[in-house]
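Asker: I'd like to ask some things about the structure below.
The values are calculated or read from the model by the stated rules, or taken from the named source; none is laboratory data. Remember, predicted model here, so these are calculated numbers, not experimental data. Here the Cβ is made from the backbone with ideal geometry for all residues, glycine too, and neighbour counts use every protein chain on show. Side chains are part of the model used for accessible areas, which takes the heavy atoms of the whole protein and leaves out ligands, DNA and RNA. Shrake-Rupley method; radii C 1.70, N 1.55, O 1.52, S 1.80 Å.
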Amino acid sequence: GLVRRPPAGVEPASVRWVLCHMIEEYARHNGHADLLRESIDGQTGE
């Protein structure tokens, strides 16, 4: 794909920001999956 410049007035995302955001999203989805599992089998994690 093509790499485009961000629109005027918009700061480009840093690799650090993208990595932190991906870690946050991954953790959030794991938490949701754990809640679903707990509601199914009734056991809580540590």
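Asker: Roughly to the nearest percent, how much of the accessible area of the chain is carbon and sulfur, given a 1.4 Å probe?
Answerer: On the chain, the fraction of accessible area on carbon and sulfur atoms equals 60 percent.
Asker: Per the helix-only calculation at 222 nm, which mean residue ellipticity applies to the chain, given -39500 (n - 2.57) for every DSSP H run of n ≥ 4 and division by its residues, nearest 500 deg cm²/dmol?
Answerer: Taking each H run of at least 4 residues, the total per residue is -21000 deg cm²/dmol.
Asker: Let me ask something else. In square angstrom, what is the accessible area per residue of the chain with a 1.4 angstrom probe?
Answerer: The answer is 103 Å² per residue.
Asker: Fully extended, how many nm does the chain gain between Asn30 and Val15 (0.36 nm per residue separation, minus their Cα-Cα distance)?
Answerer: 3.1 nm
Asker: Is there a quick way to get the dipole size of the chain? I mean about its Cα centre, with the Cβ of Lys and Arg at +1 and of Asp and Glu at -1; what is the value in debye to the nearest 20?
Answerer: Dipole about the Cα centre, nearest 20: 480 debye.
Asker: Per 5 Å bin, what is the whole-percent P(r) computed from every C-alpha pair distance within the chain?
Answerer: Histogram of Cα-Cα distances, whole percents per bin: 4, 17, 13, 14, 13, 10, 9, 7, 7, 5, 0.
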